[in-house]
Amino acid sequence: MITLNNGTQIPHIGVGTWTLRDEIAVNNVKFALQAGFRLIDTAQMYENESEVGEGIKQSGVKREDIFVTTKVSTTVMRGSEETIRQAIDESIRKLGNYIDLLLIHWPVKNCVMKTWKIMEEYVKSGKVKSLGISNFHPHHIEELLEYAEIKPVLNQLEVHPLMSQVENIAYNKSQGIQVQAWGPFGQGDINIPGIETIQTIAKKYGKTPSQIVLRWIVQRDLITIPRAKPKHFEENLQIMQFELSSEDMIAIDALNQNMRSSVDNDPENFPW
Ligand SMILES: NC(=O)c1ccc[n+]([C@@H]2O[C@H](COP(=O)([O-])OP(=O)(O)OC[C@H]3O[C@@H](n4cnc5c(N)ncnc54)[C@H](OP(=O)(O)O)[C@@H]3O)[C@@H](O)[C@H]2O)c1
């Protein structure tokens, strides 16, 4: 477990749910919890919060033993204060009467302050335990810290060997903000476990290339949330049981190309 800046504890590895819908989403969450995962990542944008909530109920694991993250969507952020409150209320209802961690999904231009102030109300009323951000660069964080009464505990960023985010992670660390890695295996045409260096290191340790990628992430003191199907659960849980040498960490660090694999060209989401 990692301790966040407000004293809350969160597991090193969890399960993402992007693109999962209907029965598959319910079952993935249920089986992930039964396999031993305690961290589940969803978002209003994924349109699967009800299924995530249902999977939690069906798992038989106590709600208080599970750490559930969701995110306020960019569409909701662009709406009125009433729209934002309604969307957060809905998320809370679907995810078991409270949310462990509520993130701003993207730093939507001119909408962050209004959204953050409302999110703070929910922490004060006890319906949300912690607040965080996602896809924020240091300058977005600096601006937020000027008015935030409640500091973000975590920043969810795209992190994989071709996009190692060294500077952004160092900045977050200097502010006491934990980084959580999304998209560890790359999206679209980018196949991170297929990279030759990763495959060579995997053979050396007798591990899968995916385990090497996940281990490189957690060994950098980051949290990660691969979108695992049941076939990956055991493989992903086992990354806590071995260690990469510093030479191999450096070899993977050297793969960085600052290459974003996600395709989101909406300038309102990316006012970099
Ligand atoms: N904050 C944000 O803006 C943001 C953006 C994107 C995602 N996220 C979150 O981060 C989570 C993870 O990112 P992602 O969904 O983009 O993709 P990902 O976890 O990087 O990749 C998942 C894909 O990798 C393959 N894979 C190979 N080995 C695997 C292993 N050991 N475990 C899991 N998958 C393996 C899987 O394919 P096969 O199943 O075919 O093997 C799966 O389709 C999302 O589900 C979401 O919760 C957040």
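Quick look at the numbers
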quantity: Some residue of the range 125-137 being surrounded by fewer than 16 Cβ atoms within 10 Å (Cβ to Cβ) and modelled with pLDDT of 95 or more; calculated: yes
quantity: Cβ-Cβ under 6 Å pairs, at least 6 apart or on other chains, the range 239-252 side closer than 9 Å to Tyr205 by Cβ, far side surrounded by 20 or more Cβ atoms within 10 Å (Cβ to Cβ); calculated: Leu244/Arg215; Asp248/Ile201
quantity: Positions within the range 148-163 being touching a helix residue (DSSP H, G or I) at 6+ places or on another chain (Cβ under 6 Å) and farther than 18 Å from Leu101 by Cβ, in sequence order; calculated: His160, Pro161
quantity: Candidates Glu235, Glu247 - the one that is modelled with pLDDT of 95 or more, near the ligand (Cβ under 10 Å from one of its atoms) and either in contact with a Cys (Cβ under 7 Å, 6 or more places away or on another chain) or not in a loop (DSSP other than H, G, I, E, B) (or both); calculated: Glu235
quantity: Residue in the range 190-212 that is surrounded by the most Cβ atoms within 10 Å (Cβ to Cβ), counting only those that are free of Cβ contacts under 8 Å to residues at least 40 places away in the same chain and closer than 21 Å to Thr17 by Cα; calculated: Ile192
quantity: Condition met for Gly186 (more than 21 Å from Lys114 (Cβ to Cβ) and either part of a helix (DSSP H, G or I) or near the ligand (Cβ under 10 Å from one of its atoms) (or both)); calculated: yes
quantity: Any hit, the range 211-230, residues being more than 19 Å from the chain's Cα centre (by Cα) and within 8 Å of the ligand (Cβ to nearest atom); calculated: no
quantity: Selected residue [more than 13 Å from Arg21 (Cα to Cα) and polar (S, T, N, Q)] from Ser50, Ser59; calculated: Ser59
quantity: Total residues in the range 17-48, condition within 13 Å of the ligand (Cβ to nearest atom) and either in a helix (DSSP H, G or I) or touching a Gly at 6+ places or on another chain (Cβ under 8 Å) (or both); calculated: 13
quantity: Leading residue by the ranking (farthest from Gln211 (Cα to Cα)) among those in the range 1-12 that are exposed (fewer than 14 other Cβ atoms within 10 Å of the Cβ) and of a type outside the set (A, V, I, L, M); calculated: Gly7
quantity: Cβ pairs under 9 Å, 6+ apart, first in the range 123-135 and under 13 Å from Ile150 (Cα atoms), second in a strand (DSSP E or B) and away from the ligand (no atom under 16 Å from the Cβ); calculated: Val123/Lys129
quantity: Whichever residue in the range 97-114 is surrounded by fewer than 24 Cβ atoms within 10 Å (Cβ to Cβ) and touching a residue at least 40 places away in the same chain (Cβ under 8 Å) and, among such residues, is nearest to the ligand (Cβ to nearest atom); calculated: His105
quantity: Some residue of the range 13-29 being among the β-branched types (Val, Ile, Thr) and closer than 23 Å to Val123 by Cα; calculated: no
quantity: Qualifying residue in the range 169-182 (condition: within 12 Å of the ligand (Cβ to nearest atom), of a type in the set (Val, Ile, Thr), in contact (Cβ under 8 Å) with a residue 24 or more places away in the chain and in a loop (DSSP other than H, G, I, E, B)); calculated: no
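Here's the yes/no breakdown for (1) among the charged types (D, E, K, R); (2) within 24 Å of Ile84 (Cβ to Cβ); (3) crowded, with 22+ Cβ neighbours inside 10 Å; (4) modelled with pLDDT under 95:
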site	(1), (2), (3), (4)
Gly14	no, no, yes, no
Asp22	yes, no, no, no
Asn28	no, no, yes, no
Ala35	no, no, no, no
Arg38	yes, no, no, no
Asn48	no, yes, yes, no
Gln58	no, no, no, no
Asp65	yes, no, no, no
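The values are calculated or read from the model by the stated rules, or taken from the named source; none is laboratory data. Owing to the predicted nature of the structure, the values given are computational and were not obtained by experimental measurement. Here the Cβ is made from the backbone with ideal geometry for all residues, glycine too, and neighbour counts use every protein chain on show.
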